[in-house]
1. What's the number of the condition T196 fails, among (1) of a type in the set (S, T, N, Q); (2) exposed (fewer than 15 other Cβ atoms within 10 Å of the Cβ); (3) within 15 Å of the chain's Cα centre (by Cα)?
2. Being within 24 Å of I5 (Cα to Cα) and basic (K, R) is the filter here, so list the residues in the stretch 90-143 that pass it.
3. Quick check on the stretch 55-66. Is at least one of its residues more than 15 Å from the chain's Cα centre (by Cα), closer than 14 Å to A228 by Cα, of a type in the set (V, I, T) and surrounded by fewer than 20 Cβ atoms within 10 Å (Cβ to Cβ)?
4. Is there any pair with a first residue in the stretch 216-235 that is under 17 Å from V70 (Cα atoms) and a second that is open to solvent by less than 10 Å² (accessible area, probe 1.4 Å) and assigned to a loop (DSSP other than H, G, I, E, B) whose Cβ atoms are under 7 Å apart and which are 6 or more apart or on different chains, and what are they?
5. Hey, can you tell me all the residues within the stretch 114-130 that are open to solvent by less than 40 Å² (accessible area, probe 1.4 Å) and either in contact (Cβ under 8 Å) with a residue 40 or more places away in the chain or under 30 Å from E238 (Cβ atoms) (or both)?
6. Quickly run through the stretch 200-216 and pick out the residues that are part of a strand (DSSP E or B) and either among the small types (G, A, S) or within 13 Å of A153 (Cβ to Cβ) (or both).
7. Exactly one condition in (1) farther than 18 Å from Y230 by Cβ; (2) open to solvent by less than 20 Å² (accessible area, probe 1.4 Å); (3) touching a residue at least 60 places away in the same chain (Cβ under 8 Å); (4) among the hydrophobic types (A, V, I, L, M, F, W, C) is false for M36; which is it?
Amino acid sequence: MAVTIKSPREIELMREAGRILAKTHEELAKNLRPGMSTWDIDHMGEEIIRSYGCIPSFKNYNGYPASICVSVNDEVVHGIPHKEHFLDEGDIVSLDAGVIYKGYHSDAARTYGISPEAQKLIDVTRQSFFEGIKFAKAGNHLNDISAAIQKYAESFGFGVVRDLVGHGIGSHLHEDPEIPNFARKRKGILLQPGMTLAIEPMITEGSYEVVWLDDDWTVMTEDGGWSAHYENTILITEGEPEILSL
């Protein structure tokens with residue numbers, strides 16, 4: 001699949017998908033509390049998405065059994081919600097969600113926490129996204145984004161996950177190109193107006209090494225350190241990038 005340039009009509013549909021996803025994240029954030037199960041979060045998220053007439057992008061995607069990826073503490077991404085998994089005071093929880101609006105996807109993730117130690121990791125992860133998209137401009141290369149994310153996160157002594165990357169997005173949840181959060185030797189594609197990208201730093205307290213659980217979905221830090229995730233769907237324009245899911 002080649003990198004697609006979206007038409008004005010496609011961009012409008014993705015803009016609406018992003019707006020609805022941003023609302024979904026706002027509603028979920030307002031309702032997070034200790035004692036709720038990760039299944040409660042998933043159930044609530046699906047209800048919100050469907051209330052807007054949208055379809056959850058993740059539900060049954062390659063067999064994923066839920067609408068919201070709920071990843072707690074040392075779970076990096078793709079945590080599967082369970083009725084018996086309850087949030088405790090002091091946990092950090094990453095929520096990754098997507099919506100399909102009239103055939104077009106938006107994808108975004110947020111991490112929330114309570115303890116001061118976790119807050120620094122969460123804040124740096126979020127800011128690494130914004131450091132990266134300073135370079136998300138027509139005429140720059142994909143690797144400019146990746147390198148900026150890595151440089152910022154590692155300047156705080158945090159790890160940048162290598163085994164998982166961001167991606168293009170549009171009429172498919174995952175499109176070309178892959179978007180690493182770390183620098184590579186090759187420049188990557190030349191960015192052009194009309195490209196839509198899901199940029200998603202996954203940052204760890206310690207080592208960037210990760211392992212997969214036997215469910216084939218849940219990705220965890222190998223050293224047991226906490227992890228944070230921040231993602232938005234963006235549009236490359238003639239000038240500054242437009243964040244579609246914020």
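1. (2)
2. K102, K134, K137
3. No, the conditions are met nowhere in the stretch 55-66.
4. Pairs found: W217/Y64; T218/G79; Y230/P201; N232/S245.
5. Let us first name the residues in the stretch 114-130 that are open to solvent by less than 40 Å² (accessible area, probe 1.4 Å), namely 115, 118, 121-122, 124-125, 128-129.
Scanning the stretch 114-130 gives A118, L121, I122, V124, T125, S128, F129.
6. M202, I203, T204 - these are the residues of the stretch 200-216 that are part of a strand (DSSP E or B) and either among the small types (G, A, S) or within 13 Å of A153 (Cβ to Cβ) (or both).
7. Of everything listed in (1) farther than 18 Å from Y230 by Cβ; (2) open to solvent by less than 20 Å² (accessible area, probe 1.4 Å); (3) touching a residue at least 60 places away in the same chain (Cβ under 8 Å); (4) among the hydrophobic types (A, V, I, L, M, F, W, C), M36 misses just condition (3).
Per-residue answers, yes or no, for (1) open to solvent by 20 Å² or more (accessible area, probe 1.4 Å); (2) under 30 Å from G113 (Cα atoms); (3) in a strand (DSSP E or B):
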site: A138; (1), (2), (3): yes, no, no
site: K151; (1), (2), (3): yes, yes, no
site: D163; (1), (2), (3): yes, yes, no
site: H167; (1), (2), (3): no, yes, yes
site: R184; (1), (2), (3): yes, no, no
site: G225; (1), (2), (3): no, yes, no
site: A228; (1), (2), (3): no, yes, yes
site: N232; (1), (2), (3): no, yes, yes
site: G239; (1), (2), (3): yes, no, no
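The values are calculated or read from the model by the stated rules, or taken from the named source; none is laboratory data. Keep in mind that what you see is a predicted model, and the values were worked out from it rather than measured. When we count neighbours, we look across all protein chains shown, and the Cβ atoms used for this are built from the backbone with ideal geometry, even at glycine. We work out accessible area using only protein heavy atoms, side chains counted, and drop any ligands, DNA or RNA first. Shrake-Rupley method; radii C 1.70, N 1.55, O 1.52, S 1.80 Å.
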